[in-house]
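Here's the structure, in structure tokens; my notes come after.
Throughout, read-outs are computed from the coordinates displayed, never taken from laboratory work. Please read these numbers as outputs of a predicted model, since none were measured by experiment. Heads up, the Cβs are rebuilt from the backbone with ideal geometry, glycines too, and the neighbour counts pull from every protein chain shown.
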There are 2 protein chains.
Amino acid sequence: MNPPVDVEGPERRRLTKPGRKTRDRIIEAAAELMFHHGVGGTSIPDIQAAAGVSASQIYHYFGDKRGLVLAVVNFQTDTKLDQQRPLLDHLDSIDALRAWCDTAADRQDAMGCVGGCEIGSLASELAESDPSARTDLSASFDRWELPIRSGLVRMQTRGELSERADVAALATALLAAIQGGMLLSQVRRSSTAYRQAVSAVIDHIESYVVP
Amino acid sequence: MNPPVDVEGPERRRLTKPGRKTRDRIIEAAAELMFHHGVGGTSIPDIQAAAGVSASQIYHYFGDKRGLVLAVVNFQTDTKLDQQRPLLDHLDSIDALRAWCDTAADRQDAMGCVGGCEIGSLASELAESDPSARTDLSASFDRWELPIRSGLVRMQTRGELSERADVAALATALLAAIQGGMLLSQVRRSSTAYRQAVSAVIDHIESYVVP
DNA sequence: CCAGAGTTGGAATGACAATTCCAACTCTTG
DNA sequence: CAAGAGTTGGAATTGTCATTCCAACTCTGG
């Protein structure tokens, strides 16, 4: 019935090489500013200055601020998942889980626990104000949760994890502990809460390990 | 050396009865609006309309928007802790912990998982933009965590919980699970994540119960 | 009751944000 | 190398926001 919508396909062809570069620069600058000052605390003029572009460029590539925010959401998701690889794709042992969570804790300490989680912050700010952002962020969390669950599934398939374990629920619980721990750590300016939250859930997962 | 600062004491005396009523009405209206639309998404004119007051009244009682936000932070903390009582003050059994978390989950379902946690949302939005709000929110989380820890301490003192359990860390982990679970549930519009996150941590606490 | 502190209304101010517009420019493609 | 599509600069527009100001009003303590 409908012709293929293909938001990405033909659109992408209409971008010339410098155009794509400008577009990327805008997203990166916006992501950085929105991470530090929130979406509401980041104005288009701010982004113009940071990216070195004019207003018309932003509106040319993203339509309006909402469109830019959506692009930032997906950029941050891609970036966050990419930077966690390859650890993220091999979470199939208790040690791997601990090592993965530790790198996040160390990174948090390295920046003085400022800023919290890029995705969590966007989620909290946009969940009620931008329905399409909420949808995208829901997908972001799904993309994040999937490799955690996959690792647990592999452990269970190999017989290293009890059949009794609800690995999907455990993966969700670990992601929640990460988010809640990051928020508490951000507010308290100490990674302790994050470490304790994550440690508790991994200890719990470990209780399902068969000897 | 210093005369008693007493920010509350003498200040409070300078408020006449209708003044106090107006002040409270402003805070309640602001809290409601900020919960649904965020701090950045709530303007002074919005609050004026909702509370039925004029601009001068808001500035008279709170100085500026920042002052009002601070008042809202503390109001929401008081309100949230009060509404969780008396359950919150008797978290000294696994059943009590489960029952307490369940009521929050049910309340979440009742409002379609809209809005997340009043305190967590404020924390995420204000942590990097308002230092004094961050400090107050840190204290808010401490106030919330304390009764959880106290309950666990009582269990441990009574010998119901193993000496090996780090009850302070477990209390932090449970609060983090609540926060992270609420955020995921808000974004996904389903209380499942909250229930799973909280359940995992309480299960873990239960593993320290001595038979 | 009556002074003075506390309270209120509402307009005015100044800043700044989001967005639009269009002319001028540059890249790609045939 | 020439369209024509894509890109860019910068000013103009329109709306809204936080905040101020002050005159008029009302409550409370003595």
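For the stretch A:106-179, the equivalent ellipsoid derived from the Cα gyration tensor has semi-axes of 28, 18, 9 Å, listed largest first. Every Cα-Cα pair of chain B was included, and the share exceeding 20 Å stands at 63 percent. Radius of gyration over Kirkwood radius for the protein assembly as shown, both on Cα atoms: the Rg/Rh ratio is 1.00. Here the stretch A:111-154 has an Rg and Dmax of 12.9, 38 Å, counting Cα atoms alone. Only residues of the stretch A:97-127 count here: report those whose backbone N is under 13 Å from the spot 7 Å along Cα→Cβ of A:ARG158, or say none. Label zone hits: A:97. Would you please state which residues of the stretch A:150-166 a label at A:ASP95 would reach in this model, taking the label point 7 Å out along Cα→Cβ and a backbone N cut-off of under 20 Å? Residues A:151-162 qualify, since their backbone N sits under 20 Å from the label point.
I need the calculated FRET efficiency for the pair B:ASP64 and A:HIS36, taking r as the beta carbon distance and R₀ as 25 Å, to the nearest 0.05.
Working: r = 22 Å, r/R0 = 0.90.
Plugging the Cβ-Cβ distance into 1/(1 + (r/R0)^6) gives 0.65.
Taking every DSSP helix (H) stretch of at least 4 residues in chain A, weighting each as -39,500 (n - 2.57) and dividing the sum by the residue count yields a mean residue ellipticity at 222 nm of -23500 deg cm²/dmol.
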